1. If you take just the helices (runs of 4 or more DSSP H) that sit entirely in region 9-118, which of them hold at least 3 residues that are in contact with a helix residue (DSSP H, G or I) (Cβ under 9 Å, 6 or more places away or on another chain) and within 16 Å of the ligand (Cβ to nearest atom)?
2. With the condition kept exactly as written, say whether any residue in region 162-176 is assigned to a loop (DSSP other than H, G, I, E, B) and closer than 18 Å to Gly357 by Cα.
3. Phe352 is checked against (1) of a type in the set (Phe, Trp, Tyr); (2) touching a helix residue (DSSP H, G or I) at 6+ places or on another chain (Cβ under 6 Å); (3) away from the ligand (no atom under 16 Å from the Cβ) and fails just one. What number does that condition carry?
4. Of the numbered conditions (1) crowded, with 17+ Cβ neighbours inside 10 Å; (2) in contact with a strand residue (DSSP E or B) (Cβ under 6 Å, 6 or more places away or on another chain); (3) in contact (Cβ under 8 Å) with a residue 60 or more places away in the chain, Ser372 satisfies every one except a single condition; which is it?
5. Do you know which of the residues in region 269-290 that are within 14 Å of the ligand (Cβ to nearest atom) and more than 15 Å from Ala319 (Cβ to Cβ) is surrounded by the most Cβ atoms within 10 Å (Cβ to Cβ)?
6. Given the conditions (1) surrounded by fewer than 22 Cβ atoms within 10 Å (Cβ to Cβ); (2) over 19 Å from Ser391 (Cα atoms), report the number of the one that Ala168 does not fulfil.
7. Tell me, which residue of region 380-426 that is assigned to a helix (DSSP H, G or I) and of a type in the set (Ser, Thr, Tyr) is farthest from the ligand (Cβ to nearest atom)?
Amino acid sequence: RRGECTAVRCAAAPETAATTRVKRNENFGKLQAGYLFPEIARRRREHEAKYPDKQIISLGIGDTTEPIPSFISDAMAKAAAGLGTREGYSGYGAEQGRPDLREAIAKAFYPGLRKADEIFVSDGAKCDAGRLQMMFGVDRTVAVQDPSYPVYVDTTVIQGSTGNYNPASEGFDGIEYMLCNADNGFFPDLSKVPPTDLIFFCSPNNPTGAAATRQQLQELVDFAKRNGSIIVYDAAYALYCEEPDCPKTIYEIPGADEVALEVNSFSKYAGFTGVRLGWTVVPDALRFSDGTPVKTDFNRIMTTCFNGASSIAQAGALACLEPEGYSQMMNVISFYKENAAILRKTFIDMGFSVYGGINSPYVWVGFPGQKSWDVFADILEKCHIVTTPGSGFGPGGEGFVRASAFSTRENVNEAVSRFQAVFGSS
Ligand code: MLT
């Protein structure tokens, strides 16, 4: 017997695993590998199995290591304890987030620029990127910086808005890859970019660490306006900006409210990678071609697919925005920025071409002529250090690796010694 068919289903042939009648979303078949960071974790595990006695240092995924500052963690502990009392208990909250938190975010990050009811509190910028895809739907075109945070490309592929992977271009047909490299100051030559519906843009950039200037962002906003595009602006590293010409939000740019929404998060500011608390800003002035406010549809998505961020996480976010919490949070950021400066200097002193690490926790190191997965493997083998291969962020990342500053100081110092021992004389 090779399996049995009835009117509604075919049972699997006995020699194969059981299947359902449900056809796989064929877009998953277009993806080239697993999501970048689990793939790196898999290689790390293999390395651990090979060298059980070696202490592996991770400068790979940008995952925070430092404890959440006490003012903030105390506020969350209090909120959690309150849930165990009749007076402190609360169930569902507003899907858009606590009104006082929306006010506090508007005041802290967008003073005079955005209103509280344009802020949607969520469980993180990555999750919002997925929900935005759902809102925009399949039938639209997309441009991304190349290299870029892989979530923008992978969610676009999964959604079905692209063609197949094209081995020749090392990208997906139907996505415009806006090359950002040292030659163009990591800002795309917009005169070469065809109009698209959406433009994903991250500044300070993950992975290159480059921060767009005010003038560059004005160019981007003008470009979007000319083409009728919407910019999805990822500002998740904005508080790492230290140079004066590094806008902390796209809304510092005149006209941005008509062409841009912005995502952000406390993950890299207050160590909330596990706590989960982010937000998306959707200005009233941002409209679809038929005049519908984008905010109306994003509100529909949030009320339909999301039940509001965790009340404990929101209490933590509110504490981040009180004066004491804010200053403790900025200390955490300073700590990671010092790590970035140490790593940046190490690679510069060894003669590498180094970018980022000033307005960003990421240091982007050039290995010209080499495949970045080979460099990744070489560093892992010789230094027992996990980095992130540049090509994992897109074809424009080939020949680079990214070193993340999210690590303990002890590990950064140890990593520096190992890098110097292996690459110092090369
Ligand atoms: C990264 O390493 O690029 C980030 O940790 C990814 C993320 O924020 O999801």
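The values are calculated or read from the model by the stated rules, or taken from the named source; none is laboratory data. The shown structure was predicted, so the numbers you read here are calculated from the model rather than taken from an experiment. Here the Cβ is made from the backbone with ideal geometry for all residues, glycine too, and neighbour counts use every protein chain on show.
1. Details: elements: 36-50, 70-82, 99-109.
Because the criterion is at least 3 residues that are in contact with a helix residue (DSSP H, G or I) (Cβ under 9 Å, 6 or more places away or on another chain) and within 16 Å of the ligand (Cβ to nearest atom), the helices (runs of 4 or more DSSP H) in region 9-118 that meet it are 36-50.
2. From region 162-176, those assigned to a loop (DSSP other than H, G, I, E, B) are 162-164, 167-170, 173-174; that's our starting set.
Filter once more, keeping what is closer than 18 Å to Gly357 by Cα: none.
No.
3. (2)
4. (3)
5. Of everything passing the filter in region 269-290, Gly278 is surrounded by the most Cβ atoms within 10 Å (Cβ to Cβ).
6. (2)
7. Initially, region 380-426 is screened for residues assigned to a helix (DSSP H, G or I), giving 380-383, 390-393, 395-397, 409-423.
Applying the additional criterion that residues be of a type in the set (Ser, Thr, Tyr) yields 391, 417.
Values: Ser391: 14, Ser417: 23 Å.
So, considering only residues that are assigned to a helix (DSSP H, G or I) and of a type in the set (Ser, Thr, Tyr), the one farthest from the ligand (Cβ to nearest atom) is Ser417.
Yes or no, residue by residue, for (1) away from the ligand (no atom under 13 Å from the Cβ); (2) of a type in the set (Gly, Ala, Ser); (3) in contact with a helix residue (DSSP H, G or I) (Cβ under 6 Å, 6 or more places away or on another chain):
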| residue | (1), (2), (3) |
| --- | --- |
| Cys127 | no, no, no |
| Gln133 | yes, no, yes |
| Phe136 | yes, no, no |
| Gln145 | yes, no, no |
| Pro150 | no, no, yes |
| Asp154 | no, no, no |
